[in-house]
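Okay, structure first, notes after.
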Amino acid sequence: MSEKPLILISNDDGYSAKGINELMAVAREFADIVVMAPEGNASAKSHSLTTSMPLRAKKIREEAASGHLHSLAIYACNGTPVDCVKLATEHFCPRRPTLVLSGINHGSNASINILYSGTMGAALEAVTNGYPAIGFSLLDHNSDADFSACLPFIRQIIEDALTVGLPEDIALNVNFPYAKQAPYKGLKVCRASRACWSDSFEQREDPYHQPYWWLTGKFICNDTTPDTDQWALENGYVSVVPVKPDYTAFEAITNMKRLEK
């Protein structure tokens, strides 16, 4: 008999965020759950690791299987989302995870945002180490965001990943439109829009009249054809973008071979 499935869950908003608690409640319907998430907010940590201090983890709570729900163990870590995935798979998961989930993030990780996202950093770290992984995000930064419209799609995606599987070395970047756009029209598998942030650092002054700078910016996207995640989200669809950690621009290799001459 094969082992009962195990799902590892992390995020970048912290173990107490509403989004990750909504995700673990759904995931418990399918498998035993281990949660390893940052102690507090670790947004925009991307794929960073902690090398300047020891990593520590503490158990928050543990629940046995009950009724239709599988077992649950929650840990908080003082590191980044990537630290959480690495530490959990090596020391806190009782067996190899069948699937790694990250989220539900409070805020968009569509388009260029994947480069900055700690949520997707965790998912891509999992894929790098051979674990199927999915990152979930809702386009709402509110700490009390309404995730109810996301949950049926999350159930569908988790069930598909556990029964059919995901392509090797591929993670899914799943984004949900604002809850006010619900009911969502459906799900679209698409490509990431080309976009950027017009970042700037606003100079301010602290109470001691010393200058400091605060990052501000505006999301700029003019790539919204119907095959993109931004189009899907703006038109009330859940966007699913298959992503991978291999940054190689294969289309440029032939051209750059001129350097070998």
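Highest mean first, how do 52-62, 68-78, 249-259, 30-40 rank when packing is the count of other Cβ atoms within 10 Å averaged over residues?
Ranked from most to least packed, the peptides come out as 30-40, 68-78, 52-62, 249-259.
Could you tell me what percent of the accessible area of the range 1-134 is made up of carbon and sulfur, with a 1.4 Å probe and every protein chain present?
Ligands and nucleic acids excluded, carbon and sulfur give 51 percent.
Mind giving me the FRET efficiency for residue 259 and residue 223? R0 is 35 Å, r the Cβ-Cβ distance, nearest 0.05 is fine.
Result of the calculation: an efficiency of 0.70.
When the label point is put 7 Å from the Cα of residue 194 along its Cα-to-beta-carbon vector, which residues of the range 207-228 have a backbone N closer than 19 Å?
Flagged as within label range: 219-228.
Rounded to whole Hz and in sequence order, give me ³J(HN,Hα) for the range 138-144 from the Karplus expression 6.51 cos²θ - 1.76 cosθ + 1.60, θ = phi - 60°, writing x for Gly and Pro.
The phi angles translate into 10, 6, 7, 7, 4, 5, 10 Hz.
Read phi for every residue in the range 158-165 and hand back ³J(HN,Hα) as whole Hz from Karplus 6.51 cos²θ - 1.76 cosθ + 1.60, θ = phi - 60°, with x for Gly and Pro.
5, 4, 5, 5, 7, 9, 9, x
Quick one: putting +1 on the C-beta of Lys and Arg, -1 on the C-beta of Asp and Glu, what dipole do you get for the chain around its Cα centre, in Debye to the nearest 20?
Its charge dipole is roughly 320 debye.
On full extension of the chain, what length is gained from residue 44 through residue 56, given 0.36 nm per residue of separation minus the C-alpha to C-alpha distance?
Residue separation times 0.36 nm, minus the Cα-Cα distance, leaves 2.2 nm.
With the Cα gyration tensor of the range 176-258 giving a ≥ b ≥ c as the square roots of its eigenvalues, does the rule (a/c under 1.5 for rounded; else a/b larger than b/c for prolate; else oblate) give rounded, prolate or oblate?
oblate
Compare the Cα positions of 151, 201, 31 along the charge dipole of the chain (+1 at Cβ of Lys, Arg; -1 at Cβ of Asp, Glu; about the Cα centre) and return the one farthest towards the positive end.
Towards the positive end, the residue furthest out is 31.
For the range 126-261, what proportion of DSSP beta bridges, expressed in % and rounded to the nearest 5, is antiparallel?
55 percent
Can you flag which of 218/257; 45/257; 58/185; 45/180 are past 31 Å Cα-Cα?
With Cα atoms farther than 31 Å apart: 218/257; 45/257; 58/185.
Stretched out fully, how many nm does the piece from residue 29 to residue 96 gain, at 0.36 nm a residue minus the Cα gap?
22.3 nm
Dipole size in debye (nearest 20) for the range 147-213 around its Cα centre, Lys and Arg Cβ +1, Asp and Glu Cβ -1?
Dipole about the Cα centre, nearest 20: 480 debye.
Starting from the amide H of residue 13, placed 1.01 Å from N in the peptide plane, find each other amide H under 5 Å away whose residue is 5 or more places distant or on another chain.
Amide H neighbours of residue 13, under 5 Å, 5+ apart: 42.
Which of the trypsin sites (Lys or Arg not before Pro) found in the range 181-238 are in a DSSP loop and have at most 16 neighbouring Cβ atoms, other than their own, within 10 Å?
Answer in residue order: 185, 194, 218.
To the nearest 20 debye, what charge dipole does the range 106-261 have about its Cα centre, counting +1 at the Cβ of each Lys and Arg and -1 at the Cβ of each Asp and Glu?
440 debye
Quick one: of the DSSP bridges fully inside the chain, what percent are antiparallel, nearest 5?
40 percent
The values are calculated or read from the model by the stated rules, or taken from the named source; none is laboratory data. Everything numeric here is computed off the predicted structure, so don't read it as measured data. Counting neighbours? That spans all protein chains shown, and the Cβs are built from the backbone with ideal geometry, glycine included. When the accessible area is computed, the model is the full protein with side chains, heavy atoms only, and any ligands, DNA or RNA have been set aside. Shrake-Rupley method; radii C 1.70, N 1.55, O 1.52, S 1.80 Å.
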